[in-house]
Amino acid sequence: MKMIAGLVILAVVAGYLILVYNGLVKARNVKEEAWSGIDVQLKRRADLIPNLLETVKGYAAHERGTLEEIVNLRNRAQAVPAGDVAGRAQAEGMLGQALGKLFALAEAYPDLKANQNFSELQASIEGTEDEIQMSRRYYNGAARDLNVKVESFPSNLVAGPLGFSKAPYFEITSEADRAVPAIKF
């Protein structure tokens, strides 16, 4: 009888460990899927930028510094390693700020503002920015869920030894990145 009770207890503990482990794996996979969603939108924005810059070049040739800054920031953002969420967030925040500056500069060029290609590209990038924000919120929610499981008792007893760790949030860390860009003419 003791042996049966021992086996039942062992089966319950093993079943619980399996459930906790599977929950951690699911949370990690949801977080990785969410990051993939952000990555897709960031790639889409990066792909649209060269077309936007070519359209702007003809109208705002003397704004070369702004255009070069955007190219450099785009290249820097794409060079961040895939798993470096904080580094990518910082680089993408700086790129987003530079794009905002470019769109503000367009106000000084009525012909550029009226250009069909520019308007379409601007609308595409703004739509992509909205998608990035939604993807970022989804990723941060998935990261939060994983982090709760990794840190909460008793799942933390399983998470630590099996190599599960907290996920970083995709957020703007620099106050300068949050600031409205200053435009000087």
| field | Whichever lysines have a C-alpha closer than 18 Å to that of Lys31, once near sequence neighbours (fewer than 8 apart) are set aside | value | Lys149, Lys166
| What accessible area, in Å² to the nearest ten, does a 1.4 Å probe give for Phe170? | 10
| request: Tell me which label goes with the value of Kirkwood radius over Cα pairs in Å computed from the coordinates here: [x] 16.3; [y] 19.2; [z] 17.0. | output: [y]
| query | Per the Kirkwood formula on distinct C-alpha pairs, the Rh of the stretch 1-59 is how many angstrom? | reply | 15.9
| message | List the aspartates and glutamates whose Cα sits under 16 Å from the Cα of Lys113, skipping any in the same chain fewer than 8 residues away. | response | Glu54, Glu63, Glu126
| task | Please give the net charge around Leu102, taking every other residue with its beta carbon less than 13 angstrom from that of Leu102, where Lys and Arg add +1 and Asp and Glu add -1. | result | -1
| Rounded to the nearest whole Å², what accessible area per residue is found for the stretch 48-148 with the 1.4 Å probe? | 49
| query | How much of the accessible area of the chain, in percent, comes from carbon and sulfur atoms when a 1.4 Å probe is used? | reply | 58
| Based on DSSP H assignment, which helices of the chain show an axial Cα extent of at least 15 Å together with a mean Kyte-Doolittle hydropathy greater than or equal to 1.0? | none
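The values are calculated or read from the model by the stated rules, or taken from the named source; none is laboratory data. Predicted model, so just to flag it, every value in this text is computed and none were measured. Virtual Cβ from ideal backbone geometry, glycine too; neighbours counted across all protein chains shown. The protein model used for the area step is the full one, side chains on, heavy atoms only, and it has no ligands, DNA or RNA in it. Shrake-Rupley method; radii C 1.70, N 1.55, O 1.52, S 1.80 Å.
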